[in-house]
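Since the structure comes first, as C-alpha cells, the remarks are kept for the end.
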Amino acid sequence: MGIGSRAYMQSRPPSSGWPSSTHCTLAVLFFVFFVSLVEAATHSQWLGWMRLDESNPRFWQWLTYGFIHVQFWHIIGNGLALWWLGKDVEESEGKSIYWITLIGGILTGALIWRLTGMGNPEPTFSLGGISGGVCALMLVALAKQLERGITLLIFFIIPVTFRARWVLIVSITFSFLGWIFNELPDRHNWQFWRPVFFDGVAHSAHLGGFLFGWLMWIYRQQTNRLRGDALRLIDKISPNFGTKNNFSEFNPSQARAELDQLLDKISAEGFGSLTPKEKDRLRDLSDRLR
C-alpha cells in the first residue's frame with residue numbers, strides 16, 4: 001500500500017480504535033458538569049475543591065478549575081469551541097502539542113487571572129472553566145492559516161463567514177476590553193476606575209490563554225524553521241538527496257529506516273509537522289518500497 005493511501009496523507013487522522021484526546025477531554029468536561037448538576041440539586045459540596053479560590057488557592061486548583069462549568073451555555077460554548085479547535089490542533093500538530101497547549105493555556109490563564117486580582121483587600125472571587133485552554137488552542141489552530149474562511153453561527157442561527165485573522169483579532173480585542181472595563185475594576189473596588197458593564201467572565205484568563213498559544217505558535221514556527229535549515233544543509237552536502245536519481249545509492253534497509261523515522265514523526269507530532277521536503281521524501285520512499 002502506498003503512502004498516499006494512508007489516512008494522514010489524506011488529511012484524516014489514522015483510525016486507531018481509541019477515542020481522540022479531544023473527545024476524552026470533552027467526556028471529562030461533561031461528566032464534571034453532570035456532577036455539578038447533581039451537586040446543585042442535592043445542595044451538596046462535592047466540587048468545591050476543584051475551583052481556584054482567589055483568597056486561598058491550592059496547587060491542584062491551578063489545573064482542576066478548568067474542568068468546572070456551572071452554567072449550561074458556558075459548557076456548551078467551551079465544548080463546541082474545544083471540539084472544533086482541539087480536533088484541528090490534534091490532527092495537524094499531534095497529541096503532544098494538543099495536551100501541552102491545552103494544559104499550558106489553563107495554567108497561564110489562571111496565573112494571569114491571579115496576578116491581575118492581587119491587591120484586592122477582600123478577595124472573594126473564584127475561577128472556573130476551560131476557556132484559557134480553548135483560547136490557546138484557538139491561536140495555535142488559526143495563526144498558521146490566517147486567510148482561511150470560518151463560518152460562525154451568530155446566536156446559533158445566523159451563519160456569518162470571517163477570515164481566521166479577524167476571528168483572532170476580534171476575540172483578543174474583546175477579551176482585552178472586557179478585562180480593562182469590567183473584570184479589573186470589579187475585582188479591586190477602585191474609586192477612580194469603575195466597571196462599565198458586568199458579564200461575570202474572566203477575561204484575564206482568556207488573555208493568558210492567548211498568550212500561551214502565541215508562545216506555542218512561535219515555538220512551533222522556530223522548530224519547523226530549524227528542521228528546514230537542517231534539510232537545506234543536507235541539500236548543500238548532497239544536492240541530489242531525496243531525488244529518484246540517487247535512490248539506488250540507498251539499500252532497501254536504509255530506505256525503510258528513513259521511512260520509519262518519518263512515520264514516527266507523524267505519529268508523535270502529526271502530519272502537519274513535516275516540511276515540504278519531508279513530505280516529498282515520504283511519498284518517494286513509499287512509492288519505491290511498496
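The values are calculated or read from the model by the stated rules, or taken from the named source; none is laboratory data. Here the structure is a predicted model, which means the values were calculated and not measured. Please note: Cβ atoms are built from the backbone with ideal geometry, for glycine as well, and neighbour counts cover all protein chains shown.
There is at least one residue in region 259-270 that is modelled with pLDDT under 85 and either over 23 Å from Glu90 (Cβ atoms) or not in a helix (DSSP H, G or I) (or both).
Counting residues in region 247-258 that are modelled with pLDDT of 75 or more, surrounded by 12 or more Cβ atoms within 10 Å (Cβ to Cβ) and over 30 Å from Ala143 (Cα atoms) gives one or more. Taking the criterion of being in contact with a helix residue (DSSP H, G or I) (Cβ under 8 Å, 6 or more places away or on another chain), assigned to a loop (DSSP other than H, G, I, E, B) and surrounded by fewer than 24 Cβ atoms within 10 Å (Cβ to Cβ), the residues of region 97-141 that qualify are Gly119, Asn120, Pro123, Phe125, Gly128. Regarding region 57-73, can at least one residue be identified that is among the hydroxyl-bearing types (Ser, Thr, Tyr), within 17 Å of His206 (Cα to Cα) and assigned by TED's automatic domain parsing to the domain that holds Thr151? For region 57-73, residues among the hydroxyl-bearing types (Ser, Thr, Tyr), within 17 Å of His206 (Cα to Cα) and assigned by TED's automatic domain parsing to the domain that holds Thr151: present. So is Ile169 assigned to a helix (DSSP H, G or I) and more than 19 Å from the chain's Cα centre (by Cα) or not? No, not satisfied.
Of a type outside the set (Gly, Ala, Ser), in a helix (DSSP H, G or I), modelled with pLDDT of 95 or more and closer than 25 Å to Thr223 by Cβ, is that true of Val89?
Against the criterion (of a type outside the set (Gly, Ala, Ser), in a helix (DSSP H, G or I), modelled with pLDDT of 95 or more and closer than 25 Å to Thr223 by Cβ), Val89 does not qualify.
In region 1-48, of all residues being in contact with a Pro (Cβ under 8 Å, 6 or more places away or on another chain) and part of a helix (DSSP H, G or I), the one that is modelled with the highest pLDDT corresponds to Ala27. Does Ile180 count as touching a helix residue (DSSP H, G or I) at 6+ places or on another chain (Cβ under 7 Å) and of a type in the set (Val, Ile, Thr)? No.
For region 49-80, name all the residues that are surrounded by 17 or more Cβ atoms within 10 Å (Cβ to Cβ) and assigned to a helix (DSSP H, G or I).
Of everything in region 49-80, those that are surrounded by 17 or more Cβ atoms within 10 Å (Cβ to Cβ) and assigned to a helix (DSSP H, G or I) turn out to be Met50, Gln61, Trp62, Thr64, Tyr65, Gly66, Phe67, His74, Ile75, Asn78, Gly79.
Here Thr243 clears all of (1) modelled with pLDDT of 75 or more; (2) surrounded by fewer than 13 Cβ atoms within 10 Å (Cβ to Cβ) except the condition numbered (1). Of all residues in region 180-214, those satisfying the criterion of being over 29 Å from the mean Cα position of the chain (by Cα) and over 18 Å from Arg114 (Cα atoms) are Gln191, Phe192, Trp193, Arg194, Pro195, Val196, Phe197.
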